[in-house]
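The values are calculated or read from the model by the stated rules, or taken from the named source; none is laboratory data. Note that the structure is a prediction, hence the values are computed from the model and not measured. Cβ sites come from the backbone with ideal geometry, for glycine too, and all protein chains shown count toward neighbours. Ligands, DNA and RNA are stripped out before the accessible areas are found, and what is left, the full protein with its side chains, is counted by its heavy atoms. Shrake-Rupley method; radii C 1.70, N 1.55, O 1.52, S 1.80 Å.
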Amino acid sequence: MLGLILPICSIFFSLLLFIIYFSKKRVNLLENKMYTIMIVCILIDSILTTLLQIFPLSGLTTFEIFLVEICNKIDFATVITFDTSLFMYIMLISYPKVKENYKKFFNYTLTINLILILIISFFDISIIENNGNYSIEGSAVTFTYLVCAFYISSALLASLFNMKKIDKRYIPIFIIIPMLGFVFFLFSINPYLTIISIIQTYVMYIMFFTIENPDLKLIEELNVAKDQAEKANNAKTDFLSNMSHEIRTPLNAIVGFSNGLLEDNNIPEESKEDIKNIITASDNLIELVNGILDISKIEANKLEIINTNYNFKKLFNDLLILTKARLGEKPLELKYYYDETIPEYLYGDVSRIKQIIINLLTNSVKYTKEGYIYFKVNAIKKENIIRLIISVEDTGIGIKQENIDKLFTKFERLGVEKNTTTEGTGLGLAITKKLVELMNGKIIVQSIYGKGSKFTVSIDQRISNQQEIENIKKETETKITHENIDITNKKILIVDDNNLNLKVAERLLKKYTQNIQTASSGQECLDKINNNEKFDLILLDDMMPKMSGTITLEKLKENENFKTPVVVLTANAISGMKEQYLSKGFDDYLSKPIEKGELIRVIKKFLS
Ligand code: ADP
């Protein structure tokens with residue numbers, strides 16, 4: 001009876017596996033194909049083994065004996081196919097070449113398999129009965145076992161040769177070996193056991209629960225896809241970083257020289273107008289580069305909200321001054337309201353809040369010809385949190401109802417045909433919305449086409465505590481006392497491979513000190529320091545041929561007596577760069593084109 005129980009069990013389990021496996025969504029990998037063949041094999045094998053056990057073996061006609069033999073030989077063929085597939089499985093995961101030449105390899109194995117099956121069909125088989133159970137013997141049996149032993153030991157050898165990269169996909173081969181030992185042991189006790197099919201089913205189950213479960217495979221595939229997407233995204237960020245560098249370097253020269261010319265009294269007034277236009281165009285280009293960088297940072301989840309204590313009232317006033325300047329000659333009234341109950345000092349990302357409000361105010365100025373712009377800040381206070389409700393209303397061109405949804409899509413500019421004269425990239429609002437969301441805030445738009453628009457942003461900020469307020473006050477006091485520092489006796493070294501950039505930086509610094517020296521390579525900088533030339537500050541470009549700024553700094557620091565502050569000067573303004581440079585040992589960071597305010601900050605910090 002035992003002889004029947006085992007095959008019936010294996011029919012049940014292999015059928016169950018068959019149904020579960022084929023009902024799931026699967027990944028189409030070569031290994032999976034092998035596993036699929038193996039599942040089909042064990043099902044056929046279990047059915048045939050069971051049928052043969054049920055068959056009454058005594059009193060058969062010659063034809064019936066022939067049928068039993070045929071069934072047995074088909075069964076052998078499935079066992080060989082099972083082992084061949086297992087062998088192929090191991091080869092596919094072990095050798096990339098097999099995967100590359102899969103078709104060739106598969107055809108060879110298939111041909112060999114067919115030849116083996118053909119050989120079996122010519123071999124003898126004898127059926128021996130004992131108490132209702134039967135066993136089979138003969139050259140066909142021996143041959144099948146030999147073939148299986150060959151495939152399994154080859155797969156084992158392949159696994160052993162690949163011990164270094166062994167992973168859980170090798171589980172089947174490592175469990176089949178002890179299982180075989182177990183089979184031989186059982187056969188030595190009871191040669192009538194039909195145990196092969198249940199062993200195969202067992203192996204298949206282990207494979208299913210460890211490596212071949214389609215759900216696991218899908219997750220693995222998703223992880224691979226995620227990795228690839230992340231790699232592609234990093235490549236994009238690198239590309240943007242390089243692109244921004246390439247664009248910023250010449251822009252640095254354009255803005256720097258134009259500003260210099262503007263201050264030159266020998267330049268005729270009409271030319272100054274042209275210079276102003278050059279500066280405006282360059283500023284727009286810088287804005288575009290910054291916008292693209294911001295969007296890419298946000299999309300790569302690399303933009304961090306950096307909270308500090310800040311003076312909100314000062315921020316409001318700064319924004320008013322800036323907007324008044326932007327209005328220029330436009331016949332526009334700038335109205336404003338500030339809720340006086342808002343505490344002066346708040347804790348949040350002031351530079352991003354400023355960016356958000358500037359975007360809204362700039363748009364209002366851009367898209368309004370006449371009337372007014374109303375910049376309003378209301379607030380709702382709850383314990384130490386204050387909800388700022390910032391709105392910017394205008395009497396401008398307005399936005400069509402059907403276009404409101406498109407507003408926050410990057411590079412989307414509405415009614416471009418109408419405002420061809422208005423500069424813009426279509427990035428501002430996309431960035432604004434993402435920034436607001438990063439701060440867990442909300443932005444809403446109300447607009448009547450032709451009449452005007454109102455953008456409202458609500459953001460929660462923490463109210464600074466007393467200690468924090470005192471700290472800020474102390475900091476501002478020290479800043480004020482250092483306002484008029486004299487650095488005329490300080491010596492500065494600028495290192496940059498680009499001659500134009502050297503001139504721009506020199507021109508900017510000349511206003512503060514005449515003691516400026518330049519070097520056009522890392523080596524030249526090293527030579528100067530090694531010749532005991534003393535400087536009070538070094539501005540060092542990073543991306544230089546032969547020796548980068550980072551390497552130059554490393555070499556400078558090899559000298560223990562070297563104590564001069566080194567500020568990295570770079571057009572690489574991608575997110576996180578500042579932190580990276582600081583961690584490499586630079587004392588500060590200046591991005592190109594150098595902003596006057598930033599330069600003054602650095603001068604004050606190191607030369608006061
Ligand atoms: P940009 O202003 O650079 O084109 P934005 O993302 O800031 O890009 O704005 C997207 C579009 O939304 C603008 O092109 C404009 O058509 C519309 N828009 C934004 N603000 C206003 C406004 N205050 N009034 C009318 N239209 C606006």
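Nothing charged except the Cβ atoms of Lys and Arg (+1) and of Asp and Glu (-1): what's the magnitude of the dipole of the chain about its Cα centre? Round to the nearest 20 debye.
On the way: 69 positive and 71 negative charges, 205 e Å.
Dipole magnitude for the chain comes out near 980 debye.
Taking every protein chain into account, the accessible area of the range 236-299 amounts to 52 square angstrom per residue (probe 1.4 Å).
A 1.4 Å probe run over the protein chains yields, for the range 482-606, 50 Å² of accessible area per residue, whole-number rounding.
At q = 0.08, 0.12, 0.15 Å⁻¹, what is the base-10 log of I(q)/I(0) for the range 2-212 according to the Debye formula with one equal point scatterer per Cα and no solvent? Please give it to two decimals. With one equal scatterer per Cα and no solvent, log10 I(q)/I(0) is -0.28, -0.64, -0.99. Only helical runs count toward this figure. For the chain, summing -39,500 (n - 2.57) over DSSP H runs of n ≥ 4 and dividing by all residues gives -19500 deg cm²/dmol at 222 nm.
Charge dipole (Cα centre; +1 on Lys/Arg Cβ, -1 on Asp/Glu Cβ; no other charges) of the range 2-212 amounts to roughly 1200 debye.
Dipole size in debye (nearest 20) for the range 308-478 around its Cα centre, Lys and Arg Cβ +1, Asp and Glu Cβ -1? Numbers along the way, then the final one.
Working: 27 positive and 22 negative charges, 72 e Å.
The calculated dipole for the range 308-478 is roughly 340 debye.
Considering only 591, 348, 289, the residue lying farthest towards the positive end of the dipole of the chain is 348, judged by Cα position with unit charges set on Cβ. Which of rounded, prolate, oblate describes the range 478-608, given a ≥ b ≥ c as roots of the alpha-carbon gyration tensor eigenvalues and a/c under 1.5 marking rounded, otherwise prolate only if a/b is larger than b/c? It is rounded, given that a/c, with a ≥ b ≥ c, falls under 1.5.
Can you find, among 40, 116, 88, the residue farthest towards the positive end of the dipole of the range 1-144? Put +1 on the C-beta of Lys and Arg, -1 on that of Asp and Glu. Of the candidates, 88 comes out farthest on the positive side.
Can you pull the percent of the range 2-212's accessible area that's carbon plus sulfur, 1.4 Å probe, other chains left in place? Walk me through the numbers before you get to the answer.
On the way: 7940 of 10730 Å².
Percent of accessible area from carbon and sulfur atoms in the range 2-212: 74.
For the listed residue pairs 503/534; 297/410; 236/297, the alpha carbons are over 18 angstrom apart in 503/534. When the C-alpha to C-alpha distance is required to be over 29 Å, the pairs from 400/442; 99/226; 324/433; 454/578; 314/596 that qualify are 454/578.
Under 17 Å from the Cα of residue 302, which aspartates and glutamates turn up, not counting those fewer than eight places away in the same chain? Result set, ordered by chain and number: 227, 230, 238, 294, 349, 437, 579. State the percent of C-alpha pairs, over all pairs in the range 1-118, separated by a distance greater than 19 angstrom. Percentage above 19 Å: 57.
Applied to the range 146-154, the Karplus parametrisation 6.51 cos²θ - 1.76 cosθ + 1.60 on θ = phi - 60° returns per-residue 3J(HN,Hα) values of 5, 4, 4, 4, 4, 4, 5, 5, 5 Hz, with x for Gly and Pro. Cross-link partners of residue 25 among aspartates and glutamates, defined as those whose alpha carbon lies under 15 angstrom from its own and excluding same-chain residues fewer than eight positions apart: 212, 215, 220, 221.
State the percent of C-alpha pairs, over all pairs in the chain, separated by a distance greater than 30 angstrom. Don't jump to the answer; show the numbers that get you there.
On the way: 127882 of 184528 pairs.
Taking all Cα-Cα pairs of the chain, the fraction more than 30 Å apart is 69 percent.
Along the axis of the charge dipole computed for the chain (Cβ charges of +1 for Lys and Arg, -1 for Asp and Glu, origin at the Cα centre), the listed residues 396, 467, 7 are led at the positive end by 396. Determine, at each q value in 0.25, 0.27 (inverse angstroms), the log₁₀ of I(q)/I(0) that the Debye formula gives when each Cα of the range 92-151 is one equal point scatterer. Per q value, in the given order, log10 I(q)/I(0) is -1.01, -1.07. Expressed as a whole percent, the accessible surface of the range 313-412 that belongs to carbon and sulfur atoms is 51, based on a 1.4 Å probe.
Annotation: per residue accessible area for the range 308-478 equals 55 Å², rounded to a whole number [probe 1.4 Å, protein chains only]. Distance from the Cα centroid of the range 50-126 to that of the range 582-596 is 71 Å (rounded to whole angstrom). What a 1.4 Å probe finds exposed on the range 482-606 is 45% carbon and sulfur by accessible area, rounded to a whole percent. Within straight-line reach of residue 104, meaning a Cα separation under 19 Å, sit the following lysines at least 8 residues removed in sequence or on another chain: 33. Our coupling estimate for the range 337-345, obtained by passing each phi through the Karplus curve with A = 6.51, B = -1.76, C = 1.60 and θ = phi - 60°, is 9, 10, 5, 5, 6, 5, x, 5, 10 Hz, Gly and Pro reported as x.
Of interest is the spacing of the C-alpha centroids, which for the range 208-226 and the range 484-551 amounts to 56 Å.
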